[in-house]
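We did not get these values from a lab; they are worked out from the coordinates using the rules stated. Not measured: the values here are computed from a predicted model. Virtual Cβ from ideal backbone geometry, glycine too; neighbours counted across all protein chains shown.
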Amino acid sequence: MGSDRDKENPEEETEEILQEEAKEESADEETGETSEEEQEQEDEPSEEDSGNDSEEAAEKEDPKDKKIAELNDKVVRQMAEFDNFRKRTEKEKAETFANGEKAVTEAILPVIDNFERALEMAGQDEEKKDDPFIEGMDKVYRQLMDELAKLGVKPIEALGADFDPNLHNAVMQEETEEYESGKVCKELQKGYMLNDSVVRHSMVSVAK
C-alpha cells in the first residue's frame with residue numbers, strides 16, 4: 001500500500017506543478033497587458049495637460065502679438081482718418097475758392113453793366129464816337145471782359161434763344177412778329193455764368 005501511494009504522489013505533484021505554472025503564466029500575461037496599457041496612457045498626454053500647454057504657449061505669445069496687432073490697427077485707423085481729413089480739406093478748399101470766385105464776379109457785374117450803359121449812350125452821340133476818352137473806356141471794358149473770360153465768366157446767350165428757366169428770368173411777355181412764341185425777344189439785363197454755374201440769370205421778355 002505504501003508503495004502504491006508513493007507511486008501516485010509524483011503524478012499528482014506533477015499536475016499541481018503544471019497548474020501552478022499555468023496560473024503564473026496567465027497572471028504574468030495579464031500583468032504585462034495591464035502594464036502596457038498603463039504605459040500607453042502615461043505616454044498619451046491628457047486633455048488637461050494639452051490645454052495647459054496651449055494656454056501657457058498663448059500666454060507666452062500674447063504680449064508681443066497683441067502689441068503688434070494693436071499697433072497695426074492704430075496705424076490703419078490713423079491712415080484712414082488722415083485720408084478722410086485730406087479729402088475733406090480739399091473739398092472745403094475747392095468750395096471756398098469757388099464761392100470766392102462767384103462773390104467777386106457778382107461784385108464786378110454791376111461795374112460791367114455801367115460800362116455797357118455808358119458806351120451805349122456814347123455810341124448814340126455822333127460827336128462822341130471819336131472821342132479819345134470814349135475809346136479808352138471801350139478798351140478798358142474789352143480788357144476787363146477778356147480777363148473775366150479767362151476766369152470762366154461768360155455772358156448767357158438770351159436774345160432769340162428758347163426760354164430756359166434755368167438761365168433766364170422772364171419779367172414780361174409781349175407780342176412780336178420778329179420772334180416765335182416762347183423765344184426771348186428782348187434782353188433787359190445781361191446774365192452771366194461762371195464755368196457751369198449761373199452767377200446771374202438773364203432778365204428777359206418772352207414772345208407770346
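From the list ALA103, ALA122, ALA98, ALA149, which residue is farther than 20 Å from ASP196 by Cβ and part of a helix (DSSP H, G or I)? Can you show your working first?
Values: ALA103 fails: farther than 20 Å from ASP196 by Cβ; ALA98 fails: farther than 20 Å from ASP196 by Cβ; ALA149 fails: farther than 20 Å from ASP196 by Cβ.
Testing whether each residue is farther than 20 Å from ASP196 by Cβ and part of a helix (DSSP H, G or I) leaves just ALA122.
Does LYS186 meet the test of being of a type outside the set (A, V, I, L, M, F, W, C) and surrounded by 13 or more Cβ atoms within 10 Å (Cβ to Cβ)? Even if it seems obvious, please write down each step before you answer.
Values: of a type outside the set (A, V, I, L, M, F, W, C): yes; surrounded by 13 or more Cβ atoms within 10 Å (Cβ to Cβ): yes.
Yes, satisfied.
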